[in-house]
Amino acid sequence: MFDTQSPFLPAGVPDSVSIAEDRLRLAIISGALAPGERLSEVGICKDYGVGRGVVRTALARLAHSGFVSSQPRSGWKVTPITAIGLREIILGRRQLEPLLADVELPPEEFRRLETLSDMHAAMAAAHTAGLDEQIVLARRYERQLKHLLAMHLRAPLITGWLENLWDKSERYVGFLEAKGGRKLPLTDWSVFIDAKRSGHAPAAREYLIEVCEIFAQFTQARFLEADVAAIEIAPKKSKAPAVDFSAAASSRNQTNPKRMS
């Protein structure tokens with residue numbers, strides 16, 4: 001989720017519903033609200049100091065964005081982390097993110113883009129030198145850079161889809177990094193800047209495609225590792241007796257003679 005306090009973003013006064021929505025979204029993205037966790041409207045009202053109507057509207061918006069779900073007699077629940085959810089994010093980014101290569105920025109906006117790229121590179125270098133906390137700042141500048149490009153697409157619907165995909169990407173990366181300890185590699189946005197400066201849109205598009213593939217490869221590999229780890233742990237917790245599958249198969253074949261053919 002991009003930094004709403006950044007001086008590079010336009011100023012505005014959000015309404016109470018938007019504030020509650022943003023706080024809940026950030027809590028979900030950061031993992032403060034865990035996947036599958038049940039949400040209490042009353043609890044949120046107390047925590048955020050807002051009314052029930054505000055909370056319900058904020059949750060309805062988050063449900064529309066795919067961060068929470070509502071079930072009859074079960075209330076609200078944080079959307080779980082799933083392989084299907086990851087696949088949707090990857091496919092969406094592959095289809096939409098390369099469109100940013102064709103964005104035309106006025107000179108002053110391009111200078112802002114360059115500044116964000118330089119700041120991202122500085123934080124990435126600090127991270128490489130062993131300052132792990134700088135990766136958070138690097139990713140924040142990267143998100144602001146992509147947000148700046150998305151705002152100039154002149155297609156509000158696509159801009160909204162991209163912002164939502166990036167929020168979900170951040171959530172999945174944070175969850176998988178916490179599980180395995182490995183970090184998603186930082187990318188060098190100066191390559192994209194140089195391509196845009198020279199007017200070489202195909203090279204800029206190739207860079208964005210590569211960014212999407214780095215995300216896909218990292219998350220799919222980490223997801224598989226987490227899934228395998230879960231499978232390895234599961235038998236230790238199971239107390240079910242062993243099953244003689246050969247005997248069971250023989251019994252089924254005797255019941256259904258067609259299986260013998």
Handout entry: Residue check for Arg93: charged (D, E, K, R), out of contact with any Asp or Glu (no Cβ under 8 Å at 6 or more places or on another chain) and either assigned by TED's automatic domain parsing to the domain that holds Val68 or surrounded by fewer than 20 Cβ atoms within 10 Å (Cβ to Cβ) (or both)
Key = no
Exercise for the section: Among the helices (runs of 4 or more DSSP H) lying completely within the range 14-81, list those that include at least 1 residues that are at pLDDT below 95 and in contact with a Cys (Cβ under 7 Å, 6 or more places away or on another chain). Expected result: 52-65
Exercise for the section: Kindly check whether there is at least one residue in the range 189-206 that is under 22 Å from Ala221 (Cα atoms) and of a type outside the set (D, E, K, R). Expected result: no
Handout entry: Checking Gly160 against (1) closer than 30 Å to Ala63 by Cβ; (2) at pLDDT 95 or above; (3) surrounded by 14 or more Cβ atoms within 10 Å (Cβ to Cβ), the condition it does not meet
Key = (3)
Fill in the blank from the handout: When the range 183-210 is checked residue by residue, the ones that are part of a helix (DSSP H, G or I) and closer than 18 Å to Met123 by Cα are Ser190, Val191, Phe192, Ile193
Fill in the blank from the handout: Restricted to the range 196-221 and to residues being aliphatic (A, V, I, L, M) and in contact (Cβ under 8 Å) with a residue 40 or more places away in the chain, the residue surrounded by the most Cβ atoms within 10 Å (Cβ to Cβ) is Ala204
Practice task
Would you check if there is a residue in the range 217-230 being modelled with pLDDT of 95 or more and under 15 Å from Arg143 (Cα atoms)?
Solution key: no
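The values are calculated or read from the model by the stated rules, or taken from the named source; none is laboratory data. From a predicted model like this one, the values you see are computed outputs, not experimental measurements. Every residue, glycine among them, receives a Cβ derived from its backbone with ideal geometry; neighbour counts consider all protein chains shown.
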